[in-house]
1. Projecting each Cα onto the charge dipole of the stretch 8-143 (Lys/Arg +1, Asp/Glu -1 at the beta carbon, about the Cα centre), which of LEU107, VAL118, SER23 comes out farthest on the positive side?
2. Tell me which label goes with the value of semi-axes √(5λ) of the Cα gyration tensor in Å computed from the coordinates here: (i) 36, 16, 13; (ii) 33, 17, 13; (iii) 32, 23, 14.
3. How far is helix 92-102 tilted off the main Cα axis of the chain, in degrees rounded to 10, range 0 to 90?
4. Just how large is the dipole of the chain about the Cα centre, in debye to the nearest 20, putting +1 at every Lys and Arg Cβ and -1 at every Asp and Glu Cβ?
5. Using a Cα-Cα cut-off of under 26 Å, which lysines could be cross-linked to LYS37, ignoring same-chain neighbours fewer than 8 residues away?
6. Where does helix 121-143 land angle-wise versus the long Cα axis of the chain, in degrees 0 to 90, nearest 10?
7. At most 15 other Cβ atoms within 10 Å plus a DSSP loop assignment makes a site exposed; report the longest stretch of the chain without any exposed GluC sites (Glu not before Pro).
8. If you rank CYS95, CYS51, CYS104 by fewest surrounding Cβ atoms within 10 Å, what's the result?
Amino acid sequence: MNLDSSIEPIIAKKGASVYSVSSEQLVFDALTLMAEKQVGALVVMDGDKLCGIFSERDYARRVVLAGRSSREMKIAEIMSVDLITVTRESTVSECMQHMTNRRCRHLPVMDDDKVVGVVSLGDLVNWIMSTQDKAIHELEGYIGGEYPG
């Protein structure tokens, strides 16, 4: 397993879909989209410009615990704006380090000024598990004599 591999294969496997909301949309509408798409975060776009990210954690901490209503609040009021972004060339290790240092679970993936994906902690863990599984099967095959020696 090489944590210095780029996240390009992860982004390619996920596909080109990037789910987003505008900062003026209601929190309730964003939650509805997140449930429909089965994602834990949405990028917040004003036009073509990335201006934040909205996650389940933002909702839990800034709406529910504050006793506010998601049907009355706009995304702009609670989105995370101090973002770290990565590129397709960023490594799995770099992404995990950013997530650990910033205590976040989602990183927008940029190509110049365009959002081309979002990588989640779950994506990285799944990639690590699949590469470990592949390495184990190769070692088992080698030990079992399936590879010429």
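Every number here is computed from the coordinates shown, using simple stated rules; none is lab data. Being a predicted model, the structure only gives us computed values, none of them experimental. So basically every Cβ, Gly included, is an ideal-geometry build from the backbone, and we count neighbours across all protein chains shown.
1. Highest projection toward the positive end goes to SER23.
2. It is the value labelled (i).
3. Roughly 40 degrees, rounded to the nearest 10.
4. In total the dipole reaches around 600 debye.
5. Straight-line reach from LYS37, under 26 Å: LYS13, LYS14, LYS49, LYS74, LYS114.
6. The answer is roughly 10 degrees.
7. Here the longest segment lacking exposed loop sites spans 90-145.
8. CYS51, CYS104, CYS95
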